[in-house]
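The values are calculated or read from the model by the stated rules, or taken from the named source; none is laboratory data. Quick caveat: nothing in here was measured; it's all calculated off a predicted structure. Using ideal geometry, Cβ is built from the backbone for each residue, glycine included, and neighbour counts are taken over all protein chains shown.
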Amino acid sequence: MKIINCPLNGPRNSSEFVHGGELRQMPDPNNCTDKEWADYVFYSDNQIGLITEWWLHAPSGYWFIAERHTGSDEIMRTYDPSEIFTHRVEFTEKEERSPSEEVEA
């Protein structure tokens with residue numbers, strides 16, 4: 001049985017967790033291109049080594065950060081996101097453009 005140390009709930013069975021993907025610098029959602037946003041959301045470097053990832057403890061709904069070695073699958077450290085994130089990102093709706101405006105842009 002694999003155990004993951006949840007910063008909020010302590011050591012728990014890995015079946016209680018959901019992998020949320022690699023932690024990467026988010027492009028400005030209001031000023032980036034669709035390709036830049038898609039690259040951020042859907043693609044990762046997928047390299048062997050120590051990476052920083054989002055994880056969710058599903059029963060409590062608690063998101064946290066883990067440093068995991070992709071070669072051994074060993075989780076080296078887990079911590080609360082507040083250790084690195086100091087402000088909330090607010091998303092605003094882009095203005096709706098007609099298809100003809102998108103072609104010209």
Go through segment 71-87 residue by residue and tally those that are part of a loop (DSSP other than H, G, I, E, B) and over 11 Å from THR52 (Cβ atoms).
8
Within segment 43-56, restricting to residues that are under 14 Å from LEU23 (Cβ atoms) and of a type in the set (Val, Ile, Thr), the one that is surrounded by the most Cβ atoms within 10 Å (Cβ to Cβ) is ILE51
Being under 15 Å from GLU53 (Cβ atoms), under 17 Å from the mean Cα position of the chain (by Cα) and acidic (Asp, Glu) is the requirement here; does GLU36 meet it?
no
Could you tell me whether any residue of segment 66-75 is touching a Leu at 6+ places or on another chain (Cβ under 7 Å), modelled with pLDDT of 95 or more and farther than 24 Å from PHE91 by Cβ?
yes
Got at least one residue in segment 38-61 being out of contact with any strand residue (DSSP E or B) (no Cβ under 9 Å at 6 or more places or on another chain), at pLDDT 95 or above and in a loop (DSSP other than H, G, I, E, B)?
yes
Suppose we filter segment 11-40 for residues that are within 25 Å of GLU90 (Cβ to Cβ), free of Cβ contacts under 8 Å to residues at least 24 places away in the same chain and surrounded by 10 or more Cβ atoms within 10 Å (Cβ to Cβ); how many remain?
8
In the list PRO7, PRO59, which residue meets the criterion of being surrounded by 10 or more Cβ atoms within 10 Å (Cβ to Cβ) and touching a Ser or Thr at 6+ places or on another chain (Cβ under 9 Å)?
PRO7
